[in-house]
Amino acid sequence: MSAPVSTFPSFGPSPDNAWTQRADCLSLVRPLREPRPVRLVADGQALEFDMARSALIVIDMQNDFCHADGWFGQKGIDVSPMRAPIPVIAELLPAWRAAGGRVIWLNWGVRADRLNLSPTIQFKGKRTADGVGYAERSPNDRGRSVVPGEWGARVVDELPVADADVTVYKHRLSGFWDNELDSLLRLQGVTTLFYAGVNTDRCVFSTLQDAGFLGYDNILLADACGSPSPDYVTQAIHFLVKQLHGFVATARDLASALTALAPSSAGRSSSSVL
């Protein structure tokens with residue numbers, strides 16, 4: 001059954017994880033969450049997941065990685081592999097949101113003083129004494145690289161961030177290290193995660209792998225991810241996900257599957273609370 005509409009004050013991160021202050025008592029009883037099952041083909045088999053307990057994690061689709069004038073582009077890195085997922089994600093987002101899906105933008109966002117970035121991370125981001133590292137300015141100055149609030153840390157214009165979406169910053173390859181992502185998902189009752197973004201073999205895989213260790217269901221959307229690494233690296237990641245950590249599907253199949261949700265069911269969105 002769906003959560004009843006209450007006029008009493010509530011205290012909690014979501015409608016179905018909240019206390020209610022009634023006239024006669026403070027109720028700690030949480031309303032039941034109505035499942036919204038969706039079927040999707042992944043790895044050649046039919047999967048059923050609960051839309052009410054799922055989130056789409058979009059990773060690092062930021063100007064510094066995906067724009068020619070960003071940090072990577074000015075380093076001389078070809079950004080076309082990072083831009084390849086943009087139209088796929090742009091096509092998926094309206095269908096996902098219309099079905100009531102949660103969207104989380106998981107972005108690099110480092111401290112301007114870099115005090116919590118280890119020598120390894122700082123060296124790998126800079127490489128040479130005259131290179132441009134984390135929180136430093138490229139020759140064509142668009143602000144400090146991947147510092148929240150700067151141009152480079154913003155999501156690319158082609159992927160509009162909705163008011164109901166949530167942004168979480170990370171300062172490691174994995175989005176589950178030393179930030180609030182895990183507690184945010186658990187307090188919302190999320191159990192299934194879909195992954196899109198860049199790079200498949202770096203931040204996407206590191207986050208997915210940690211999520212598996214933490215007990216989440218993982219579905220990698222292969223066509224909604226990209227990487228400048230050789231193709232065999234992406235193939236290896238897909239193999240590891242299938243073997244150990246979850247499932248591999250496509251964003252286009254997911255968008256098609258979402259049309260099976262009845263309008264009345266899709267309309268009961270919980271995305272506004274995450």
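Numbers at a glance
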{"read-out": "Criterion (closer than 17 Å to residue 226 by Cβ, of a type outside the set (A, V, I, L, M, F, W, C) and either touching a residue at least 60 places away in the same chain (Cβ under 8 Å) or surrounded by 20 or more Cβ atoms within 10 Å (Cβ to Cβ) (or both)) met by exactly one of 39, 83", "value": "83"}
{"read-out": "From the options 23, 18, residue that is in a strand (DSSP E or B) and either within 30 Å of residue 147 (Cβ to Cβ) or without any contact (Cβ under 8 Å) to a residue 60 or more places away in the chain (or both)", "value": "18"}
{"read-out": "Single match in 260, 236, 196 (criterion: small (Gly, Ala, Ser) and surrounded by 22 or more Cβ atoms within 10 Å (Cβ to Cβ))", "value": "196"}
{"read-out": "Condition check for residue 220: without any contact (Cβ under 8 Å) to a residue 40 or more places away in the chain, surrounded by 22 or more Cβ atoms within 10 Å (Cβ to Cβ), in a strand (DSSP E or B) and under 13 Å from the mean Cα position of the chain (by Cα)", "value": "yes"}
{"read-out": "Number of the condition not met by residue 113 [criteria: (1) modelled with pLDDT of 95 or more; (2) within 24 Å of the chain's Cα centre (by Cα); (3) charged (D, E, K, R)]", "value": "(2)"}
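Residues are listed down the side, and each one gets a yes or a no for (1) touching a strand residue (DSSP E or B) at 6+ places or on another chain (Cβ under 9 Å); (2) in the same structural domain as residue 45 (by TED's automatic domain parsing); (3) without any contact (Cβ under 8 Å) to a residue 24 or more places away in the chain:
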residue	(1), (2), (3)
149	no, yes, yes
167	yes, yes, no
188	yes, yes, no
214	no, yes, no
238	yes, yes, yes
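Conditions (1) within 20 Å of residue 103 (Cα to Cα); (2) under 19 Å from the mean Cα position of the chain (by Cα), marked per residue:
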{"position": "10", "(1), (2)": "no, no"}
{"position": "36", "(1), (2)": "yes, no"}
{"position": "51", "(1), (2)": "yes, yes"}
{"position": "61", "(1), (2)": "yes, yes"}
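Let's see how each residue does on (1) surrounded by 24 or more Cβ atoms within 10 Å (Cβ to Cβ); (2) among the small types (Gly, Ala, Ser); (3) in a helix (DSSP H, G or I); (4) at pLDDT below 95:
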site	(1), (2), (3), (4)
69	no, no, no, no
87	no, no, yes, no
90	no, yes, yes, no
94	no, no, yes, no
105	no, no, no, no
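The values are calculated or read from the model by the stated rules, or taken from the named source; none is laboratory data. The shown structure was predicted, so the numbers you read here are calculated from the model rather than taken from an experiment. Note: ideal-geometry Cβ built from the backbone for every residue, glycine included; neighbour counts use all protein chains shown.
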